[in-house]
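Enquirer: Once you've had a glance at the structure underneath, I'll fire off some questions.
The values are calculated or read from the model by the stated rules, or taken from the named source; none is laboratory data. All figures in this text were calculated on a predicted structure; none of them were measured in a lab. Reconstructed Cβ throughout: ideal geometry from the backbone, glycine too, with neighbour counts over all protein chains shown.
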Amino acid sequence: MRIRVPLLAAALFVAVLGPASAAGTSPWSRSAHSSLRLLDGGPAAGSNRLGGIEISLAPDYKTYWRSPGDAGLPPVFDWSASTNVRQVTVQWPIPVRFDDGVGTSVGYAESVVLPVIVTPEDPARPVDLRLKADYAVCSTLCIPGNADAELTMVPGAPADAERRRRIEGFLARVPAPVKAGEGRAPAVLRASVADKAIEVETLLPPSAAAADIFVEAAEGWYFGTPVPSAAAADASLSRTVWTVPVLEGPKGAALEGLPVVVTVPAGESGIEVRLNLDGGARAR
């Protein structure tokens, strides 16, 4: 059962917390060419709380996705100093691929909000969210971005409507998890081992045909830019086979049976499929 704090009590508690918590945002933590802050998006499903990590970037700068591509470093988020927090789950909106001249990288430009789902230990008590973040900020050269941000989330307290809409807008761009091998679009029909590459077959509505896909595996595996074949389309479906070069893998490791994650943009969002590499798609 969701436990609500009376509005008057919540208001008094917020007043004690100070202006940053009262505003539902942490102060900006500024680094060279970037700034980071935490957002409170209000109550979520069950006793959870919706939040966000907002990163603002200077013009012509970018930061990286959880899998940064040929070069770059994924962000690292440390929540260990938080109190009354059982779990923080970071959600990753669909990224874009950047051509860096000598390779490609994957991430975000300008401004991004990474939605977070915060699960408290005790839903009746406030959550003190404390983040230590390490992330890279890149233009022609990359520099480290370091941030410390703190935010108190009061149980039952509503969020500012505009801030809630902003977080939900990025949450809508998080790919939906689907099973492999399903024949209805959008879908990943198969992911199989080819000559020094992986072949991934996607099925999407023509109106949402993917301009790119993103393939991830365990640490030590690196993949090049996917190359699509000419898409076969009819009135309702677009079928594309992507060749994904394998750039590097752990010494002696085999591709056969390797668990991978395939993310496919589709319209404003996309799908995320987890499967093992073989002669056809097989759900894990």
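Enquirer: Search the range 171-184 for residues being at pLDDT 95 or above and assigned to a loop (DSSP other than H, G, I, E, B), and hand back the single one that is nearest to residue 249 (Cα to Cα).
Expert: 175
Enquirer: Okay, next question. Can you list the strands (runs of 3 or more DSSP E) lying wholly within the range 185-284 that have 1 or more residues being acidic (Asp, Glu) and either surrounded by fewer than 16 Cβ atoms within 10 Å (Cβ to Cβ) or at pLDDT below 90 (or both)?
Expert: So the answer is 238-248.
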